[in-house]
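The block underneath contains the structure these notes are about, expressed in structure tokens.
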Amino acid sequence: DGGITQSPKYLFRKEGQNVTLSCEQNLNHDAMYWYRQDPGQGLRLIYYSQIVNDFQKGDIAEGYSVSREKKESFPLTVTSAQKNPTAFYLCASIGTGEAYNEQFFGPGTRLTVL
Amino acid sequence: AQSVAQPEDQVNVAEGNPLTVKCTYSVSGNPYLFWYVQYPNRGLQFLLKYITGDNLVKGSYGFEAEFNKSQTSFHLKKPSALVSDSALYFCAVRRDRGSTLGRLYFGRGTQLTVWP
């Protein structure tokens, strides 16, 4: 999964709790992305960041928050406001300047709400 | 608006037979097209991409894809399927201009099953 690590691999959350998913990359990429994957729905973009200290909402940002304090790190917090957080979460990155570059993906975190 | 359609949720093929996984797209400007594969509980792995030039693109594991501008399609193909090709396949598109150059738009995925 090429230079991007996500932790933990599995995460269990009780209702009403916030949890933070880690994403770290050593590829020196400027842009990073968070996707949510549900069966039969493909990948949906939650948040993305094209540069440190800047990020934008994707298509399904409600109930999620992010930060980008370092180039290497883009943590995702799933808040209690997210009504249905059970899903597989994928982090990705890409080098800037070349729109034809492919995104590199991490191995994913499976979040389950108990 | 950018979008990708994968019209088949599932494709089943016998080992040794050719396989095709279909993808059509809609994008403003020229498209950059990608195919990814996902094995269970894993991240996505890049297979191949079309940027410009030859409409037939060759990628990893013997896969290839044909870009057809008039039909706005980018179908994934392999001449002889293997059982190990069984996985979830995603098509994605990016436009070649705009402020969010890196953003990819994904299809919903096609589950490929190759039976012995």
Considering residues that are away from chain B (no Cβ under 11 Å) and either charged (D, E, K, R) or surrounded by fewer than 16 Cβ atoms within 10 Å (Cβ to Cβ) (or both), the number found within segment A:23-33 is 4
Within segment B:36-60, of all residues that are touching a strand residue (DSSP E or B) at 6+ places or on another chain (Cβ under 9 Å) and small (Gly, Ala, Ser), the one farthest from B:Cys23 (Cα to Cα) is B:Gly43
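Would you check which residues across segment A:48-59 are more than 9 Å from chain B (Cβ to nearest Cβ), in a strand (DSSP E or B) and either without any contact (Cβ under 8 Å) to a residue 24 or more places away in the chain or open to solvent by 20 Å² or more (accessible area, probe 1.4 Å) (or both) and list them?
A:Ile51, A:Asp54, A:Phe55, A:Lys57, listed by residue number.
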Of (1) open to solvent by 40 Å² or more (accessible area, probe 1.4 Å); (2) among the hydrophobic types (A, V, I, L, M, F, W, C); (3) within 15 Å of the chain's Cα centre (by Cα), B:Val83 fails just (3)
Of A:Arg68, A:Arg36, A:Arg44, the only residue that is surrounded by 14 or more Cβ atoms within 10 Å (Cβ to Cβ) and part of a loop (DSSP other than H, G, I, E, B) is A:Arg68
Given (1) within 13 Å of chain B (Cβ to nearest Cβ); (2) crowded, with 20+ Cβ neighbours inside 10 Å; (3) at pLDDT 90 or above, A:Pro85 misses just (1)
Considering segment B:21-59, residues that are crowded, with 20+ Cβ neighbours inside 10 Å, in contact with a Pro (Cβ under 9 Å, 6 or more places away or on another chain) and not aromatic (Phe, Trp, Tyr), and then whichever is nearest to B:Ala81 (Cα to Cα), we arrive at B:Cys23
- Query: Out of curiosity, is A:Gln17 out of contact with any Pro (no Cβ under 6 Å at 6 or more places or on another chain), of a type outside the set (Asp, Glu), surrounded by fewer than 20 Cβ atoms within 10 Å (Cβ to Cβ) and outside any strand (DSSP E or B)?
  - Reply: yes
Take A:Tyr10 and tell me if it is over 13 Å from the mean Cα position of the chain (by Cα), in contact (Cβ under 8 Å) with a residue 12 or more places away in the chain and closer than 27 Å to B:Thr110 by Cβ.
yes
Condition set surrounded by 12 or more Cβ atoms within 10 Å (Cβ to Cβ) and among the polar types (S, T, N, Q), scope segment B:4-16, selection nearest to the chain's Cα centre (by Cα): answer is B:Gln6
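Got a sec? Which of A:Arg110, A:Arg44 is touching a residue at least 60 places away in the same chain (Cβ under 8 Å), within 14 Å of chain B (Cβ to nearest Cβ) and basic (Lys, Arg)?
The conditions single out A:Arg110.
The values are calculated or read from the model by the stated rules, or taken from the named source; none is laboratory data. Not measured: the values here are computed from a predicted model. Here the Cβ is made from the backbone with ideal geometry for all residues, glycine too, and neighbour counts use every protein chain on show. The area values use the complete protein model at the heavy-atom level, side chains included, leaving out ligands, DNA and RNA. Shrake-Rupley method; radii C 1.70, N 1.55, O 1.52, S 1.80 Å.
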